[in-house]
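These notes are about the structure you will find just below.
What follows draws every value from the coordinates through simple rules; no lab data is involved. Note that the structure is predicted; figures quoted are calculated from it, not measured. In this analysis, Cβ positions are derived from the backbone assuming ideal geometry, glycine residues included, and neighbour counts consider all displayed protein chains.
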Amino acid sequence: AASAASAASAASGACLGPPVPPPLSQPIFVGLTSAVDHTPKPSGSAVGFKQRLHHPFETPFVSDPAELGASRYRVWLASQPLFHAWVASQLQGRTLVGGTEKKKRAKDAAHVRRLMQGW
């Protein structure tokens, strides 16, 4: 019965292991998600720090000037060793791209530049 339960668990995808990054030839989006208002809500959150990320490479520091927000993301990331290692494994050697929305373009460009400065 135990082996049947293990087989059922494996078949359902419960134990798939770490995610496999897409091939290096595919660019990966790291910018602010388009068509979303990224302005932090004043519901007790820290100033300039949004509470919801739409993907794991998006910066929560949306109220900061572009370069400062990008730098703060790297410091914030480094303070979380496991998450930092996972992000590095996903982005290392990849082509990183930001969005094209005029309002978010400078922040995305700074974020991409900062993320490309080595792991």
*Under a plain spin-label model, where a point goes 7 Å from the Cα along Cα-to-Cβ, how far apart in nm are THR95 and HIS54?*
2.2
*Please give the contour-minus-distance gain from THR33 to LEU82: 0.36 nm per residue of separation, less the Cα-Cα distance, rounded to one decimal in nm.*
15.3 nm
*Apply 1/(1 + (r/R0)^6) to the Cβ-Cβ distance of VAL75 and ARG105, taking R0 = 22 Å, and write down the FRET efficiency to the nearest 0.05.*
0.45
_Along the Cα→Cβ direction, 7 angstrom out, place labels at LEU68 and GLN117. What is the inter-label distance in nm?_
1.6
